[in-house]
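A.B. asks: Here you go, one structure.
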């Protein structure tokens, strides 16, 4: 089996107690169904994480992001999870970000290279994250990291 290591940069953008998320609907064969992800994605060769955040913010959410400090790091190791790509191993660097001052509101219509299964860009209240399918499933831990940034950078290991 051929294994692939992906390194991603993800953005945590909070405004007025709400988190900016990208909404998806998998195809009937999809693993997750209707779900949400943090904006961001795979880093390109020779691309810094902050560059990835800026690029993916525009591509997925039509958002001009200003990267801030590293909030947390997590991994996903496919062979540990029954229903998703066994050969996938990803490391995600999650950063606090802000919208650039004076930039337009994030929107699916402003996304320049959205995924085929992407359906919207939404602001979801932090206190409602456990009511949605956030992938990976780390809403509780994410809210704690957002509300207690003084705890410092966190490594969470393999999560789903």
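A.B. asks: Does at least one position in the stretch 99-108 carry a residue that is touching a helix residue (DSSP H, G or I) at 6+ places or on another chain (Cβ under 9 Å) and loosely packed, with under 13 Cβ neighbours inside 10 Å?
C.D. replies: Yes, that holds for at least one residue.
A.B. asks: Could you tell me whether the stretch 114-127 includes any residue that is exposed (fewer than 15 other Cβ atoms within 10 Å of the Cβ), at pLDDT 90 or above and touching a helix residue (DSSP H, G or I) at 6+ places or on another chain (Cβ under 7 Å)?
C.D. replies: Checked against the condition, which is being exposed (fewer than 15 other Cβ atoms within 10 Å of the Cβ), at pLDDT 90 or above and touching a helix residue (DSSP H, G or I) at 6+ places or on another chain (Cβ under 7 Å), the stretch 114-127 yields no hits at all.
A.B. asks: I'd like to verify a number: residues in the stretch 52-84 that are part of a helix (DSSP H, G or I), closer than 21 Å to residue 115 by Cβ and either touching a residue at least 12 places away in the same chain (Cβ under 8 Å) or over 15 Å from the mean Cα position of the chain (by Cα) (or both), how many?
C.D. replies: Count: 10.
A.B. asks: Is it true that some residue in the stretch 83-91 is touching a helix residue (DSSP H, G or I) at 6+ places or on another chain (Cβ under 9 Å), closer than 28 Å to residue 151 by Cβ and modelled with pLDDT under 95?
C.D. replies: Yes, that holds for at least one residue.
A.B. asks: Now for a different question. In the stretch 96-138, which residues are closer than 20 Å to residue 26 by Cα and without any contact (Cβ under 8 Å) to a residue 24 or more places away in the chain?
C.D. replies: Within the stretch 96-138, 116, 130, 131, 137 meet the criteria.
The values are calculated or read from the model by the stated rules, or taken from the named source; none is laboratory data. Every value quoted in this text rests on a predicted model; they were computed, and no experiment measured them. Neighbour counts are summed over all protein chains in view; Cβ atoms, including those assigned to glycine, are modelled from backbone coordinates with ideal geometry.
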